[in-house]
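> Before I ask anything, let me first share the structure, which is written out below as structure tokens.
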């Protein structure tokens, strides 16, 4: 059985676009030519890969299996190419990173600013994802590496801890909880909360903790980013569970109180998650090293 790499890449484009036309456009092909290539691929495999409908295409079970393997193959091909360019030392290449809310908004901009300034030939696609989607993305090859907080239980991954992340309670000055030194999560549920946007890793995590208590999270408003959350807290709209690093940074310019969250899960280990560190392209290994160095300084 013979596979053409351009056909595998085309299949990935079509699957991600959920459209033959969209996938063909990404591959710089006509829709008719793309359709013929996909049909030829189905003929080689003896399996239907796509359900075609008026609203686009949907992967069959066989298509799902092929997508997972095709992503792994194409990423390895891309990595191989980068290793044999004149910039094989990590000065060139492309990385896709799935990361949690804190990473995307708090420390990755700082890390990437230095990393990319030193490597003008490297490009990065940084996407905020839920922890389960980060782990799944690393496993199925749809991302080069992931950044998570908390335990990772999936097998077949390398988990590389690099720093600690503590959650705290941000409260307005003069609030009934502002004089407390520490609070349980359950105590905070008696007051309106400022929460992150839907799709945020932190909001998803807190909802899991609320569910374990058999309660509800009293969200009054949802925002994008910890700066917006701190501004809402300062204005007296509500209280919020936020990373300590963000709370202390914004406390320097805002009127708010930071209270310890007295829960075992409030202290979380940040980790880089990869399938195999040594299999990353040179720029990927360099970024892991940069994150490890960042963890030493914070």
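Values quoted throughout were computed directly from the atomic coordinates according to the rules given, and no laboratory measurement underlies them. Nothing here was measured: the structure is a model prediction, and the numbers come from that model. Virtual Cβ from ideal backbone geometry, glycine too; neighbours counted across all protein chains shown.
> For a quick check: sort 208, 181 by the number of other beta carbons within 10 angstrom, fewest at the front. The partial results should precede the final answer.
Values: 208 10, 181 7.
Lowest count first: 181, 208.
> On to the next question. Quick one: angle between helix 201-213 and the longest Cα principal axis of the chain, in degrees between 0 and 90, rounded to 10, please.
For 201-213 against the chain, the angle is about 60 degrees.
> Right, next: At a Förster distance of 25 Å, what's the computed FRET efficiency of residue 55 paired with residue 198, Cβ-Cβ distance as r, to 0.05? It would help to have the intermediate numbers written out before the result.
On the way: r = 24 Å, r/R0 = 0.95.
Approximately 0.60, to the nearest 0.05.
> Each label point is 7 Å from the Cα along the Cα-to-Cβ direction; what then is the distance between the points at residue 228 and residue 155, in nm?
Simple spin-label model gives 4.2 nm for this pair.
> Just rank 193, 175, fewest to most, by other beta-carbon atoms within 10 angstrom.
Details: 193 23, 175 19.
Lowest count first: 175, 193.
> Let me ask something else. Going 7 Å from the Cα of residue 21 toward and past its Cβ, which residues in the range 42-71 have a backbone nitrogen under 20 Å from where you end up?
50-59
> Moving on to the next point. Okay, which of the range 246-271 sit inside 12 Å, backbone N to the point 7 Å along the Cα-Cβ direction of residue 182?
Under 12 Å, as judged by backbone N against the label point of residue 182, lie 260-267 of the range 246-271.
> Something else now. Taking R0 as 25 Å, what's the FRET efficiency between residue 80 and residue 39 from their Cβ-Cβ distance, rounded to 0.05?
On the way: r = 29 Å, r/R0 = 1.15.
Plugging the Cβ-Cβ distance into 1/(1 + (r/R0)^6) gives 0.30.
> Next question, about the same structure. Taking the number of other C-beta atoms within 10 Å as the exposure measure, put 198, 7, 125 in order starting with the fewest. Intermediate results must be reported in sequence, preceding the final value.
Numbers: 198 8, 7 18, 125 11.
Ranked by crowding around the Cβ, least crowded first: 198, 125, 7.
> Work out, step by step, the length gained on full extension between residue 3 and residue 28: first 0.36 nm times the residue separation, then minus their alpha carbon distance; give nm to one decimal. Can you show the working numbers first?
Numbers: separation 25, 0.36 × 25 = 9.00 nm, distance 1.93 nm.
Taking residue 3 through residue 28 to full extension adds about 7.1 nm, to one decimal.
> Let me ask another. Kirkwood Rh over alpha-carbon pairs of the range 60-191, then Stokes-Einstein at 20 °C and 1.002 mPa s: what D in µm² s⁻¹, rounded to an integer? If you can, show how the numbers build up before the last one.
Working: Rh = 17.9 Å.
The Stokes-Einstein estimate is 119 µm²/s.
> Another question about this same structure. Can you tell me which of 209-215, 244-250 comes out highest on packing, and rank the rest after it, using the mean Cβ neighbours within 10 Å?
Numbers: 209-215: 12.3, 244-250: 18.4.
Highest-to-lowest ranking by the protection proxy: 244-250, 209-215.
> For helix 108-117, what angle does its Cα long axis make with the longest principal axis of the chain, in degrees from 0 to 90 and rounded to 10?
In the chain, helix 108-117 runs at an angle near 50 degrees to the longest axis.
> Once you keep just the Cα pairs under 8 angstrom separated by 6 or more residues, what percentage relative contact order results for the range 5-81? It would help to have the intermediate numbers written out before the result.
Details: 77 pairs, mean separation 21.8, N = 77.
Relative contact order here is 28 percent.
> With just the Cα atoms of the range 5-81, tell me how far they stretch along each of the three principal axes, in Å, largest first.
38, 26, 19
> To continue, here is another question. Can you give the Rg to Rh ratio for the chain, taking only C-alpha atoms and Rh from Kirkwood? Walk me through the numbers before you get to the answer.
Details: Rg = 22.5 Å, Rh = 21.5 Å.
Answer for the chain: 1.05.
> Considering Cα pairs under 8 angstrom that are at least six residues apart, work out the relative contact order of the range 33-183 and quote it in whole percent.
On the way: 135 pairs, mean separation 29.0, N = 151.
The normalised contact order for the range 33-183 reaches 19 percent.
> Quick one: grab the alpha carbon gyration tensor of the range 164-267, order the square roots of its eigenvalues as a ≥ b ≥ c, and give me rounded if a/c is under 1.5, else prolate or oblate depending on whether a/b is larger than b/c.
Values: a/c = 1.34, a/b = 1.23, b/c = 1.09.
Rounded is the answer for the range 164-267, as its axis ratio a/c remains below 1.5.
> Please compute the contact order of the range 164-267 in relative form: average sequence separation of alpha-carbon pairs under 8 Å and at least six residues apart, divided by the residue count, as a percent.
Values: 183 pairs, mean separation 51.6, N = 104.
It comes to 50 percent, rounded to a whole number.
> Can you give the angle from 0 to 90° between the axis of helix 131-140 and the longest principal axis of the chain, with both taken from C-alpha atoms, to the nearest 10?
20
> Separation between the residue 289 and residue 263 pseudo-spin-labels, each 7 Å from Cα along Cα→Cβ, expressed in nm?
3.8
> Could you give the nm distance between label points at residue 215 and residue 68, where each point is 7 Å from its Cα heading toward the beta carbon?
3.9
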